[in-house]
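**Q** So that we are looking at the same thing, I have put the structure below in structure tokens.
The values are calculated or read from the model by the stated rules, or taken from the named source; none is laboratory data. Please read these numbers as outputs of a predicted model, since none were measured by experiment. Note that each Cβ is placed from the backbone with ideal geometry, even for glycine, and that neighbours are counted across all protein chains shown.
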Amino acid sequence: MGDINFQCTACMTKLAVEAASARQEVRCSNCGVLQVVPEPATRETDAELRAKPLRDDILAATSLPEFSSREAPEIEEYRYAAFISYRHVEPDRTMAKWLHSELETYRVPRRLALARGFPRRLGRVFRDEEELPASADLSREIERALKQSRFLIVVCSARTPASDWVNAEVVRFRQMGRHDQILALLIEGEPAESFPQALREIRQTVVDEEGLSREEIEKVEPLADDVRRLRNESERALKRKAKLRMLACILGCHFDDLRRREHQWPARRIAYLVVLLAISIIVMAGLTFIALAQRKAAMVQRAEAVAQKVLPDEQRGSAER
């Protein structure tokens, strides 16, 4: 059997592993993100895959009507860069607020934006407590927001699987055919106990050649970032890396492109400050020189005025004598 060639979903680095590693976790040699090796290509066509209906009872469990992937808008039509799904409890809510603010206020490095044609701002990010009015029809508004979002980001903790809303939002996003545009942010607990069911598996009902239907469960491993304090890194450093990895996925660039520029910016900022300080010193020196010159000129003028006043007095005294 040959090798399986695929790309890292975080940094887009080309990877190659043995065929025996299919469906196993591997770590990207470039960015270190864990992901599942895809299976080798089969004879099943894309049309056959798209024709498979999602499990009826999962669809019925959500209050959102069935949705075809053909209804998904083009990238240019997306209103939101990402939809943040989370349970409305602490600290999940605080992490969702932080992520929402960081993504919306992030400025893409100028050189990268010019080189790759990226916008300087990521765009709007949907968070229901920020976007929805209190009187909104939640099911309809959330459905609309999911449809208009390029990516779905799920904030995961041990409390997340108990949320029917979070699970329904993941199911809904999968119905739109955007399986590879789902990201997870693990803030507490282990993946097995923190990922909602729809994030860990895809349930489908398939009909064989004899007309018999059966349920197929496909285990999937979502692309996840980890901000748990399990390593010798500060929470701030972990959150910064998680933010950059998610930005790299959404923008479609390499994680290292953003990380290098994040590291370069402090050095450039110091250089700018040094130049500004040097200019300030030069300006202050020039102003000091001008002030001293003006003071010297004023003293000379004062001495001349005094001399001119004293000279007539001396001449009058000589005449009287």
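**Q** Going by what's in this entry, would A115 be described as in the same structural domain as L146 (by TED's automatic domain parsing) and surrounded by fewer than 21 Cβ atoms within 10 Å (Cβ to Cβ)?
**A** Values: in the same structural domain as L146 (by TED's automatic domain parsing): yes; surrounded by fewer than 21 Cβ atoms within 10 Å (Cβ to Cβ): yes.
Here the answer is yes, as A115 does meet what is asked.
**Q** Another question, then. Only one of A16, A20 is in a helix (DSSP H, G or I), surrounded by fewer than 15 Cβ atoms within 10 Å (Cβ to Cβ), modelled with pLDDT of 75 or more and not assigned by TED's automatic domain parsing to the domain that holds S157; which? Full working, then the answer.
**A** Numbers: A16 fails: in a helix (DSSP H, G or I).
On inspection, the qualifying residue turns out to be A20.
**Q** Please count how many residues of the range 140-168 are out of contact with any Lys or Arg (no Cβ under 7 Å at 6 or more places or on another chain), of a type in the set (V, I, T) and assigned to a helix (DSSP H, G or I).
**A** Looking only at that region, the number is 1.
**Q** Go through (1) assigned to a helix (DSSP H, G or I); (2) touching a Phe, Trp or Tyr at 6+ places or on another chain (Cβ under 9 Å); (3) of a type in the set (K, R); (4) under 27 Å from R236 (Cα atoms) and name the single condition R172 misses.
**A** Just one mismatch for R172, condition (4).
**Q** Something else now. State which residue is modelled with the lowest pLDDT when the search covers only the range 25-39 and only residues that are outside any strand (DSSP E or B) and surrounded by fewer than 16 Cβ atoms within 10 Å (Cβ to Cβ).
**A** So the first thing to find is which residues in the range 25-39 are outside any strand (DSSP E or B), and the list is 28-33, 37-39.
Checking which are surrounded by fewer than 16 Cβ atoms within 10 Å (Cβ to Cβ) leaves us with 29, 32, 38-39.
Details: S29: 75, G32: 66, P38: 76, E39: 71.
Filtering the range 25-39 for residues that are outside any strand (DSSP E or B) and surrounded by fewer than 16 Cβ atoms within 10 Å (Cβ to Cβ), the one modelled with the lowest pLDDT comes out as G32.
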